[in-house]
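Structure, as structure tokens:
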Amino acid sequence: MAHRYDVSLKTLFLRDGDGIIRRRLFGARVTEFLATEQPQMSNRRADMVVRTEDGALHQVEFQTANESGFALRMLEYYVYLVRTHKQHVVQTVLYLGREPVRLEHIYQSPSMEFRFEIVNLREIDAEPLLASLDWADNILALLAKGAPEKALATVMMRIREMRREDQNWAAGTLLQLSGILGMEEVVNEGLRELGMINLMENKVLAPLILEQYEAGRSKGLQEGLREGLQEGLREGLQEGLREGRQNLLAELLTEKFGVLPAWAAKRLHEASVEELHLWAKQILSSTTLEDTLR
């Protein structure tokens with residue numbers, strides 16, 4: 001899938017939950033997140049590989065666009081994962097693209113037939129997702145079958161009801177995924193209207209907005225930032241970006257490895273923005289805390 005949304009989509013499922021989409025993708029409650037990177041010779045990295053409470057192994061890929069030869073790529077993943085873990089792997093693809101899905105779900109040759117499941121999020125009813133207690137369901141309801149405006153209003157209400165520490169994370173994931181939704185301006189305006197979240201003062205969200213501003217992803221967002229940025233704000237956003245990434249990475253590391261020891265907390269506190277970015281990419285493929293922060 002496109003690297004732009006890799007981390008955002010994966011972090012939706014790294015937190016504990018037992019929602020509708022999780023059950024559809026994994027089949028049971030996840031008990032372990034496994035390494036996803038294959039040997040350098042193949043240069044492939046699966047999006048998510050997990051073990052569930054029933055002992056089954058599941059690979060999940062997130063696709064935001066159609067891709068030629070996709071079934072063969074899934075076969076390559078399957079062979080590697082079975083070799084590594086010595087058991088069958090249930091493979092599921094969650095398609096989130098705007099275009100009608102045209103991904104192949106079968107690879108056939110004269111001597112074999114290989115298949116896997118593709119779940120088209122656009123065909124799933126948004127109402128049960130919005131009623132779920134799982135935030136991953138709530139935010140993905142924006143891409144499901146139904147009225148996106150109604151779904152967005154419900155999602156904004158959920159953010160308003162969250163604890164302050166959860167609001168930052170939830171609003172951040174929504175803002176980052178707004179590109180898939182094609183709703184950057186609407187999402188940004190909705191977050192601004194949440195009286196309890198001041199985007200330009202929030203150390204997590206303000207850097208994310210600045211990144212979108214500098215990348216030129218949304219003309220409307222750029223114009224809003226030009227009007228809203230006060231003199232001197234840009235100078236402080238680099239430090240805000242570092243602190244925001246520190247907080248998010250610390251939360252993800254704690255979810256995966258438990259309470260962080262003092263040495264790890266010290267490394268995070270002293271890390272540069274570049275180091276934090278590198279560790280964020282390593283977290284889903286590493287198996288130990290030491291490997292992640294190497």
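Each value in this text was obtained by applying a stated rule to the coordinates, not by laboratory testing. All values derive from a computational prediction rather than experimental measurement. In this analysis, Cβ positions are derived from the backbone assuming ideal geometry, glycine residues included, and neighbour counts consider all displayed protein chains.
Here are the numbers:
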item: Pair His105, Thr288: separation of 7 Å Cα→Cβ label points (nm); result: 4.0
item: Projected label distance in nm at Lys145 and Arg23, using a 7 Å step from Cα toward the beta-carbon; result: 1.8
item: Among the listed pairs Lys150/Lys256; Lys10/Lys86; Lys10/Lys266, those beyond 27 Å (Cα-Cα); result: Lys150/Lys256
item: Trypsin sites (Lys or Arg not before Pro) restricted to DSSP loop in region 49-107 with at most 11 other C-beta within 10 Å; result: Lys86, Arg98
item: Computed E for Glu32/Leu133 - FRET, C-beta separation, R0 22 angstrom, nearest 0.05; result: 0.45
item: Point-to-point label distance, Arg267-Glu189, nm (Cα→Cβ direction, 7 Å offset); result: 4.5
item: Per-pair calculated FRET efficiency, R0 = 41 Å: Lys281 and Phe114 via Cβ, rounded to 0.05; result: 0.90
item: Under the Karplus curve 6.51 cos²θ - 1.76 cosθ + 1.60, θ = phi - 60°, whole-Hz ³J(HN,Hα) for region 97-108, x wherever Gly or Pro sits; result: x, 7, 6, x, 5, 10, 5, 6, 10, 9, 10, 10
